[in-house]
Structure formats: structure tokens, C-alpha cells
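Comments concern the structure below.
The values are calculated or read from the model by the stated rules, or taken from the named source; none is laboratory data. Because the structure is a prediction, the values reported are computed rather than measured. All Cβ positions, glycine included, derive from the backbone under ideal geometry; neighbour counts span all protein chains shown. Calculation scope for accessible area: heavy atoms of the full protein, side chains included, ligands and nucleic acids excluded. Shrake-Rupley method; radii C 1.70, N 1.55, O 1.52, S 1.80 Å.
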Amino acid sequence: MSAIAAAPLTAGQFSSLMAPFAPFEFRPVLAVAVSGGRDSLALALLAHDWAGALEGRIVGLIVDHGLRRESADEAAKTRDLLARHGITAEVLRWRGAKPATGLQEAAREARYRLLLAACRRRGILHLLIAHQSDDQAETVVMRAARRSGPDGLAGMANLVEQRDARVLRPLLSIPRARLTATLEARAVAWIDDPSNLDGRFERARLRKAGLAAAPTSVGPARSRAAGDRRLAAAAVDLLEFDVAGAVAIDRAGFARLGRELARRLLSRVIRAVGRRDYPPRRERLERAAARLSLGVSRGKSGKSQDFTLSECCLELRQAPDSRRLRWIVRPENGRKDTKKAGQPLIPAAFFSCGAVSAPHLC
């Protein structure tokens, strides 16, 4: 990697990375998820300087998963390091029994649950996560291997509106080497988590095999942002919420959507209603979207049209106030998993569609 590519991030450059997430409240307070690794430490220090320039502050949130004997000590050392830089920090512990299988996925769910609960408790509106371009490339490779749809292959979103806070990823266009250089320039040491090299985990195997090359441009991010704006507009036009515990999709309007946009809208609804972190498999999603579109020419509503997809039941029914037909999407068999938030129903791009002010400031 060239010397230019590995240059430390400057305050001005980080300010530019934060600009798309504006506006922020006066004297903003932000939470930063900090593991003690190089990426999250660099983010915390950069965000601390950025917030301080606006007379605001950050709070470091350190999750101790309790999966290694050293984890509690590492969390304490990370908290002390942040304190030496003037950053208040809190250690959040994942308590209780840990699963024998699916450990990384369970840890991820617990981590975000703890982080967002801390934001809610502290009244913090913004949660910064240190995913960077190497992580993004790995994510796309992993999702491609699972035959993900267009949302999955677009990678991680840089902004996700959750119920308790906005999740912001300002570093998605920045390679890890630049974050390493940022810490080295400040003479700050970091902790290397050995699980990042543990061959039991998919991401570690990818890194060892060198199968994920970092993106060379921000083109994919811009493409995703444009797609999210189209998806947001379609969601506002076609989704209705007059059925308790369900989402209604206007049938005729859905059939007029382009194939890709129809798949993305259905995927978003299924993830929100079914409280799922990931979309359905691409093949199943394509068949379901086609079925919803074909319904216009097939005519009748009723139970003969009903089918299920990813723990959701889809029912073609007549709207109560007209002969207009709608697809009603509800959790299968009344299933309600209140512990998981799933994905937000409408992408964050909706909140900039002509709004006078951002919702997190209202």
C-alpha cells in the first residue's frame, strides 16, 4: 500500500466523513462502540476531537462478551485508555449462558442490544460503529456466498435508523491501514482480538485466505444511497399500516414497480415484520416478488392466494374501504419476537425526503 493510502486521517477528513450524517443537535453527544481494537479506538479518538470542536462529547461503550478469560481485563484497560484521553466510557457485559452453536451471530445480537439499550438509557441519539472498507469487502464476499439479494450485495449501510438511536458507520470508505496509521501517529496502542484469527469463524477464514479485496472507490456506497432513496419513496407510496400487527402493500402499485425495486421493498417488509437481521434467500425472494406482481392478473383475493416467506404470512385481501386489493404481511402464526428489533421498515433515506428537519432532532 502506498504512503499516501496509509496516511493518518486528519480532523478535516473525518469532519468530511461525518458531514453526510448532519444535522446534529447543538453540542452533540454521540456513543462510540469501542472494542479496544485499532479500528474502534481510532474512531473514538477522531470522534472525540470532532465532537469537542462542536462543544459536544462522546461516550465510549465497551462490550465485554465474556467469551475469553482476558476479556474483562481488556475491557477495563480500554476504559482506562479512553479516560486518559478525556473520554467517558462504560463497560457493558453480556451475561448468562452462551450458545454452543451460532456463537458469533448470538454475540453480534447481544452486542447491538446492549449498545442500543445504553443509548436509550443515556438519551444518546447517535451510535458510531467502526466498520471500515476491509470489513465491507469481507461482508460482500460472505453475502455473495450465501446468494444474497441486492440489499445484501450492496454491503453495510452507512446509516441505519433504529428505534433507540441512529447507527452511523462513517469509516466505510477508509481502509484499515489508515486507521492503523492514525493510532501510530498518536502513539496509541491497541488490543488485537485473537478471535479475528480463529479459523472457526467465517470472517477470519476469509482474511487468512485473502479472498476479500478492499473497494477502490465509493461508487458502491453512492449506488446504495441512491437505491435507498428510491426504496424510501416506494415505501411511502405503497405501504399502509391500518392492520394491527401487520403491513399492507398496495397490490397494483407493487406490480408497477421495477423488478429490482419490488424485490428490495418486499425484502425490507419481510425483515421488519419478521424481525429478521438478514433478507430471505435471493431465489425465494424473487419467486415471492413475482407472485405478488402476478396477483394483478390472477384477480381474486382469499386464502387460496396465501403463502409464507421467512416466518411471515402473506395474504391477498380486499381493502375495507374499497375493492382495491392489498397484500397483508404479518408474522406467521402470530409470531412476535419482542427481543429482536429486526431491520427498520423504511430506510433512513426516507427521513431526508423533503423533511423540514431530521427526525432525531424533533
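Overview of values
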item	result
Residue ID - nearest to THR180 (Cα to Cα), chosen from residues in the stretch 8-23 that are open to solvent by 30 Å² or more (accessible area, probe 1.4 Å), at pLDDT 95 or above and part of a loop (DSSP other than H, G, I, E, B)	PRO8
Index of the failed condition, ASP135 passing every other in (1) assigned to a helix (DSSP H, G or I); (2) acidic (Asp, Glu); (3) open to solvent by 30 Å² or more (accessible area, probe 1.4 Å)	(3)
Test result for ARG163, open to solvent by 40 Å² or more (accessible area, probe 1.4 Å), among the charged types (D, E, K, R), assigned to a loop (DSSP other than H, G, I, E, B) and at pLDDT 60 or above	yes
Qualifying residue in the stretch 183-194 (condition: of a type in the set (Val, Ile, Thr), out of contact with any Phe, Trp or Tyr (no Cβ under 8 Å at 6 or more places or on another chain) and at pLDDT 90 or above)	yes
The stretch 57-95: number of residues that are open to solvent by 30 Å² or more (accessible area, probe 1.4 Å), part of a strand (DSSP E or B) and under 24 Å from GLY12 (Cα atoms)	2
Residue in the stretch 39-56 that is at pLDDT 95 or above, among the acidic types (Asp, Glu) and in a loop (DSSP other than H, G, I, E, B) present	yes
Pick from the stretch 247-281, criterion open to solvent by less than 10 Å² (accessible area, probe 1.4 Å) and part of a loop (DSSP other than H, G, I, E, B), ranking: farthest from ARG317 (Cα to Cα)	PRO280
All positions within the stretch 96-116 that are part of a helix (DSSP H, G or I) and not small (Gly, Ala, Ser)	LEU103, GLN104, GLU105, ARG108, GLU109, ARG111, TYR112, ARG113, LEU114, LEU115, LEU116
Filtered residues of the stretch 169-191 (kept if closer than 15 Å to ALA47 by Cα and open to solvent by 40 Å² or more (accessible area, probe 1.4 Å))	ARG186
